[in-house]
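Below is one structure, written out as structure tokens, with a few remarks after it.
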Amino acid sequence: VQLQASGGGLVQAGTSLRLACTASGLTVKGYGMGWFRQAPEKEREFVAAITRIGGTTSYSDFVKGRFTISRDNAKNTVYLQMNSLKPEDTAVYYCGARNGGSMLQNSQYYNYWGRGTQVTVSS
């Protein structure tokens, strides 16, 4: 199983980025998929998730209304659209896959992780 995260970069505050997580070896529709992020000297934190099959989404409070998680089953890819970016959004963003339908906000329950993609937001 491989999860390839891409789309990160250096952007100015107020702009947008779209991250992609392309899976091989599993079908994203059959897994709970999540995005987490980790800033320097901080713990990995939950950003957004989408449940398997039904595609119910959930978000952390600090991205709600700005970020959108979605899934393209044909491309076997999960996206994170990030709008109105802030300097505090600067982190390495990781996508994960969980073989289950619950606890998607808890990183310890994920079965697979991608390597991460750096997002840097300048003020």
Query raised in the report: Any idea which residue in region 80-110 is most open to solvent (accessible area, probe 1.4 Å), counting only those that are assigned to a loop (DSSP other than H, G, I, E, B), out of contact with any Leu (no Cβ under 9 Å at 6 or more places or on another chain) and farther than 16 Å from Phe67 by Cα?
Result: Met103
Query raised in the report: Do we have Gly101 as at pLDDT below 95 and more than 20 Å from Thr120 (Cβ to Cβ) here?
Result: yes
Report summary line: Of the residues in region 68-79 that are part of a strand (DSSP E or B) and touching a helix residue (DSSP H, G or I) at 6+ places or on another chain (Cβ under 9 Å), the one that is surrounded by the fewest Cβ atoms within 10 Å (Cβ to Cβ) is Asp72
**Report entry** Selected residue (only one of Ser60, Ser122 is under 27 Å from Ala13 (Cβ atoms), open to solvent by less than 20 Å² (accessible area, probe 1.4 Å) and at pLDDT 95 or above)
**Finding:** Ser60
Query raised in the report: Here are some conditions: (1) outside any strand (DSSP E or B); (2) open to solvent by 60 Å² or more (accessible area, probe 1.4 Å). Leu10 meets all but one. Which one does it not meet?
Result: (1)
Report task. Go through the residues of region 22-36 one by one and say whether even a single one is out of contact with any helix residue (DSSP H, G or I) (no Cβ under 6 Å at 6 or more places or on another chain), of a type outside the set (Asp, Glu), in contact (Cβ under 8 Å) with a residue 12 or more places away in the chain and farther than 17 Å from Asn111 by Cα. Result -> no
Query raised in the report: Mind checking which residues of region 56-67 are closer than 13 Å to Val119 by Cβ and not in a loop (DSSP other than H, G, I, E, B)?
Result: Phe67
Query raised in the report: Out of region 9-52, which residues are touching a strand residue (DSSP E or B) at 6+ places or on another chain (Cβ under 7 Å) and over 19 Å from Ala97 (Cα atoms)?
Result: Gly9, Leu10, Val11, Gln12, Ala13, Ser16, Leu17, Ala39
Query raised in the report: Within region 24-55, which residues are surrounded by 15 or more Cβ atoms within 10 Å (Cβ to Cβ) and assigned to a loop (DSSP other than H, G, I, E, B)?
Result: Leu26, Tyr31, Arg44, Thr51, Arg52
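The values are calculated or read from the model by the stated rules, or taken from the named source; none is laboratory data. Every value quoted in this text rests on a predicted model; they were computed, and no experiment measured them. Because the Cβ atoms are built from the backbone with ideal geometry, glycine has one as well, and the counts that use them run over all protein chains shown. Heads up: the accessible areas ignore ligands, DNA and RNA and are worked out on the full protein's heavy atoms, side chains in. Shrake-Rupley method; radii C 1.70, N 1.55, O 1.52, S 1.80 Å.
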